[in-house]
Amino acid sequence: MDVAAAMELLRNRCRRQTVRHLDGIDEASVDEIVASLNGGQLSEDVELELVHTHLPKLDDAQVIEYDHSDGFVEVVDVQSLIDVLDSVESVLEE
């Protein structure tokens, strides 16, 4: 993935949080991700935004595999985005 594509994916807070949630795991349910984004609570608004916008973008970029029919996300390659995110955060903390 090139830098521009990674930065485009990471420019949205919801996608950044989703990537952080998926770091180090193989799969997660949409409900688990929604709860992690929303202080442990399920939210229809957060779920709608996630399933209609953010998960499809991450799927298109081959970061995850998202099957809307079963409500699960399989991690393909979040590490490349985690590396970019960590680098950016490290620079900003200096």
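Quick note: the coordinates plus some simple rules give every number you see, no bench work behind them. Bear in mind the structure is a predicted one, so any value in this text is a computation, not a measurement. In this analysis, Cβ positions are derived from the backbone assuming ideal geometry, glycine residues included, and neighbour counts consider all displayed protein chains.
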Requested in this report: Among residues belonging to segment 23-49 that are charged (D, E, K, R) and assigned to a helix (DSSP H, G or I), point out the one that is nearest to residue 71 (Cα to Cα).
Outcome: 31
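Might you let me know whether segment 58-75 holds any residue that is part of a helix (DSSP H, G or I), surrounded by 17 or more Cβ atoms within 10 Å (Cβ to Cβ) and under 11 Å from the mean Cα position of the chain (by Cα)?
Yes, there is a match, as at least one residue in segment 58-75 is part of a helix (DSSP H, G or I), surrounded by 17 or more Cβ atoms within 10 Å (Cβ to Cβ) and under 11 Å from the mean Cα position of the chain (by Cα).
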Report task. Give just the number: which of (1) in contact (Cβ under 8 Å) with a residue 24 or more places away in the chain; (2) closer than 15 Å to residue 7 by Cα does residue 83 not satisfy? Result -> (1)
Report summary line: If we ask which residues in segment 1-49 are in contact (Cβ under 8 Å) with a residue 60 or more places away in the chain and either under 19 Å from residue 75 (Cβ atoms) or buried (at least 16 other Cβ atoms within 10 Å of the Cβ) (or both), their number turns out to be 7
